[in-house]
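The values are calculated or read from the model by the stated rules, or taken from the named source; none is laboratory data. If you're wondering where the values come from, they're calculated on a predicted model, not measured in any experiment. Quick reminder, even Gly has a Cβ in these numbers, built from the backbone with ideal geometry, and neighbours come from all protein chains shown. Protein only, heavy atoms only, side chains kept; ligands, DNA and RNA dropped before computing areas. Shrake-Rupley method; radii C 1.70, N 1.55, O 1.52, S 1.80 Å.
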Amino acid sequence: MLTIKNTNVTLDGNDNKVEILKNINLTLEKKKIYVITGPNGGGKSTLAKAIMGIITVNDGQLFLDNIEITNQSITERARSGIGYAFQAPARFKGLTVRKMLKLAAAGNKIDICQLLYDVGLCAQDYLDREIDATFSGGELKRIEIASVLARNLKVAVFDEPEAGIDLWSFQRLTGTFEKIHEKQDTTIVIISHQERILRLADEIILLKDGEISEITTHEKFLDKISHLDSDCDCRSDCIKGGTTNAECNR
Ligand SMILES: Nc1ncnc2c1ncn2[C@@H]1O[C@H](COP(=O)(O)OP(=O)(O)O)[C@@H](O)[C@H]1O
Ligand SMILES: [Mg+2]
């Protein structure tokens, strides 16, 4: 179980300090899927990085199974059982996919071929390929997700796993999340905007302007967005439905 208490994150902006996360309070239980969603720039990736220890929080406390981890480094948190698949993963130069996944598994018994299949990659095409600039963004993303799945984690955070991934691999991936949910005790946190992923959630956490604005079920959340007024909510002099440049430049 991961507990986040009264947590704030302030980062250095261009001219001044910017409050990115404001008074976040969350209890994320084991064996549950939490999907964090909300507008771009709302602070989702920052929250994921604060959980992993990539960003240090200014105030508040984080606990993993009631042990405080607020001051633990990324490595210590990784050892404690927290893993994070980045929104835009880095390349692991010079390692083959097989080696990289074995390193990630760190002695855990894993079936590498199954892992690659689970993220929609053909093992025979990838196992002995060196990870380099010839990999597409979607391939890298899936290898990164596989490396998180290779670990037996207490908390696994996936930042927009759908980004750059084709429809077929995406279906495989959602099935994989369901499988982990069934078989493991891992707390799964997925940052996503995809309806198929939202549907996997035990709870949806809506993060807006750095604050949790709602925690709800996917049924309620999806029902609400299906009734959203599709008009823009720009400033009052916005020309709604303007069709010509002349109207827009008035
Ligand atoms: N290192 C940083 N320094 C200053 N501002 C940042 C930094 N990283 C992110 N931000 C800002 O924090 C806000 C939240 O970013 P992010 O957590 O990436 O949002 P999301 O993932 O919800 O789209 C954005 O306005 C972003 O520009
Ligand atoms: Mg993000």
Residue check, VAL35 open to solvent by less than 80 Å² (accessible area, probe 1.4 Å), outside any loop (DSSP other than H, G, I, E, B) and either among the aromatic types (Phe, Trp, Tyr) or within 22 Å of ILE165 (Cβ to Cβ) (or both) | yes
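Is there a residue being at pLDDT 85 or above, within 16 Å of ligand 1 (Cβ to nearest atom) and surrounded by 11 or more Cβ atoms within 10 Å (Cβ to Cβ) anywhere in segment 223-232?
Initially, segment 223-232 is screened for residues at pLDDT 85 or above, giving 223-224.
Now narrow it down to the ones that are within 16 Å of ligand 1 (Cβ to nearest atom): none.
No, segment 223-232 contains no residue that is at pLDDT 85 or above, within 16 Å of ligand 1 (Cβ to nearest atom) and surrounded by 11 or more Cβ atoms within 10 Å (Cβ to Cβ).
Can you tell me which residues in segment 114-170 are of a type in the set (Val, Ile, Thr) and under 17 Å from the mean Cα position of the chain (by Cα)?
Across segment 114-170, the qualifying residues are VAL119, ILE143, ILE145, VAL148, VAL155, VAL157, ILE165.
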Out of all the residues in segment 139-160, which are open to solvent by less than 20 Å² (accessible area, probe 1.4 Å) and within 26 Å of ASP65 (Cα to Cα)?
-> GLU144, ILE145, ALA146, SER147, VAL148, ALA150, LEU153, VAL155, ALA156, VAL157, PHE158, ASP159
Residues being more than 16 Å from ligand 1 (Cβ to nearest atom) and without any contact (Cβ under 8 Å) to a residue 12 or more places away in the chain - total across segment 191-219 = 1
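Could you please find all residues in segment 64-95 being hydroxyl-bearing (Ser, Thr, Tyr) and open to solvent by 40 Å² or more (accessible area, probe 1.4 Å)?
So the first thing to find is which residues in segment 64-95 are hydroxyl-bearing (Ser, Thr, Tyr), and the list is 70, 73, 75, 80, 84.
Within segment 64-95, SER73, THR75 qualify.
Is at least one residue of segment 12-20 modelled with pLDDT of 95 or more, within 29 Å of ARG199 (Cα to Cα) and either buried (at least 16 other Cβ atoms within 10 Å of the Cβ) or touching a Leu at 6+ places or on another chain (Cβ under 8 Å) (or both)?
Within segment 12-20 (the criterion being modelled with pLDDT of 95 or more, within 29 Å of ARG199 (Cα to Cα) and either buried (at least 16 other Cβ atoms within 10 Å of the Cβ) or touching a Leu at 6+ places or on another chain (Cβ under 8 Å) (or both)), the answer is yes, since at least one residue qualifies.
Restricting attention to segment 120-129, and to residues there that are touching a helix residue (DSSP H, G or I) at 6+ places or on another chain (Cβ under 8 Å) and open to solvent by 50 Å² or more (accessible area, probe 1.4 Å), which single residue is farthest from ASP166 (Cα to Cα)? Spell out the reasoning first.
Restricting attention to segment 120-129, the residues satisfying the condition of being touching a helix residue (DSSP H, G or I) at 6+ places or on another chain (Cβ under 8 Å) are 120-123, 126-129.
From the residues that got through so far, the ones that are open to solvent by 50 Å² or more (accessible area, probe 1.4 Å) too are 122, 128-129.
Working: CYS122: 14, ASP128: 23, ARG129: 21 Å.
Going through the qualifying residues, I end up with ASP128.
Take the residues in segment 148-167 that are farther than 25 Å from PRO39 by Cα and in contact with a Gly (Cβ under 8 Å, 6 or more places away or on another chain), then tell me which one is modelled with the highest pLDDT.
So the residue we want is LYS154.
Taking segment 7-56, which residues are within 11 Å of ligand 2 (Cβ to nearest atom) and closer than 20 Å to ASN71 by Cβ? Full working, then the answer.
Narrowing segment 7-56 to residues within 11 Å of ligand 2 (Cβ to nearest atom): 36-49.
Scanning segment 7-56 gives THR46, LEU47, ALA48, LYS49.
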Taking the condition of a type outside the set (Lys, Arg), surrounded by 12 or more Cβ atoms within 10 Å (Cβ to Cβ), modelled with pLDDT under 90 and touching a Lys or Arg at 6+ places or on another chain (Cβ under 6 Å), does GLY242 pass?
-> no
